[in-house]
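Report on the following structure.
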Amino acid sequence: MDAGAGNVTLVPIVRRFDPAKAKDILLASDIVFISGGDVDLGMKYLRKRDLIPSLRELYDRGKLFCGISAGAIMLCRNWMHWRDPDDDGTVELLDCLGFRAAALRCSR
């Protein structure tokens with residue numbers, strides 16, 4: 001809070017998903033933070049909930065996006081996906097959000 005943090009509002013995309021509420025929260029936010037976990041699963045739910053077009057529109061309008069671990073990877077163009085996790089020969093590219101990275105400088 002001393003650094004200027006305000007309210008944090010979760011946008012559930014797995015359970016209790018409400019498309020209109022999700023879009024309202026995303027529009028009203030200053031920053032969209034994507035948490036870590038599993039890149040494949042995260043992208044699956046963004047597709048399933050049809051949130052990718054809305055997220056891309058927000059990004060194109062200048063909304064700040066950040067993520068940690070798998071969430072940061074999901075902001076990139078692609079990631080690796082294995083059709084068979086036990087066979088490296090089955091690796092293929094997984095499409096992610098494709099946001100361009102920008103260097104940020106923190107100041108006190």
Check: How many percent of DSSP beta bridges within the chain run antiparallel, rounded to 5?
Finding: 55
Notebook entry, point to check: Counting only protein heavy atoms and using a 1.4 Å probe, what share of the accessible area of the chain belongs to carbon plus sulfur, as a whole percent?
Noted result: 52
Next item on the list: Just tell me which lysines come within less than 17 Å, Cα to Cα, of Lys48; anything on the same chain fewer than 8 places away is out.
Entry: Lys21, Lys23
Item checked: Helix 19-28 vs. the chain, principal-axis angle (Cα, 0 to 90°, nearest 10) -> 50
Margin query: Taking just the alpha-carbon atoms of region 34-81, what radius of gyration and Dmax come out, in angstrom?
Written below: 10.4, 30
Check: Relative contact order, percent, of the chain when contacts are C-alpha pairs under 8 Å separated by at least 6 residues?
Finding: 23
Margin query: Which three extents, in angstrom, do the Cα atoms of region 45-106 have along their principal axes, listed largest first?
Written below: 40, 29, 15
Notebook entry, point to check: Assuming a viscosity of 1.306 mPa s and a temperature of 10 °C, what translational diffusion coefficient in µm² per second does Stokes-Einstein assign to the chain, Rh being the Kirkwood radius over Cα pairs?
Noted result: 104
Next item on the list: Working from Cα positions, state the angle (0 to 90°, nearest 10) between the long axis of helix 39-48 and the longest principal axis of the chain.
Entry: 70
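The values are calculated or read from the model by the stated rules, or taken from the named source; none is laboratory data. Here the structure is a predicted model, which is why all the values come from computation and not from measurement. Surface areas here come from the heavy atoms of the whole protein model, side chains and all, with no ligands, DNA or RNA. Shrake-Rupley method; radii C 1.70, N 1.55, O 1.52, S 1.80 Å.
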